[in-house]
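Here the structure comes first, spelled out in structure tokens, and everything after it is commentary.
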Amino acid sequence: MDLVRWREGDYRRRIEGWMEIQRERRIYELGWLPPFLLVFGSDIEPIDRRWNQHGLGGDNVVNSCRALHPGPVSLLQWSGKGKPWTRLDLKMPCPVDSLWMPYDLHSSKDSPRGTAIVMNIDSWVCYVRLEIDC
């Protein structure tokens, strides 16, 4: 991410402006992504769909597990209500939840190599950036 460009474009203020409008009167239903789309509009570029493995949280369907798509995966996204830490704690994990275990800061002392974790629990999204080949 180009932080200089981010600051020069005043993107934080612009995104927060749309979030404030959303708070005052509901203009979208899809969590945290719409303000970014409203600000960046057509100034985005497509990426290969295989880069982001989304829907691992079951797309809000209880006890719904998904498999990884074939090929390389760079980002695992547990969108939906099925979070790996919850399913692991309940001893009812989906097969892909085992990929989360090494990154769970509460249960693992080992830090994976070259990995970044970003979580936005309020929006029910969890990401793990990995370098795996399925």
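The values are calculated or read from the model by the stated rules, or taken from the named source; none is laboratory data. Not measured: the values here are computed from a predicted model. Neighbour counts run over all protein chains shown; Cβ positions are idealised from the backbone, glycine included.
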**Request:** Might you check whether a residue that is at pLDDT 75 or above and either assigned to a strand (DSSP E or B) or in contact with a helix residue (DSSP H, G or I) (Cβ under 8 Å, 6 or more places away or on another chain) (or both) occurs anywhere in the stretch 105-128?
**Result:** no
**Request:** Look through the stretch 5-31, keep the residues that are farther than 19 Å from Ile44 by Cβ and among the aliphatic types (A, V, I, L, M), and return whichever of them is surrounded by the fewest Cβ atoms within 10 Å (Cβ to Cβ).
**Result:** Ile27
**Asked** Taking the stretch 47-75 as the region of interest, how many residues are at pLDDT 80 or above and within 19 Å of Leu88 (Cβ to Cβ)?
**Response** 8
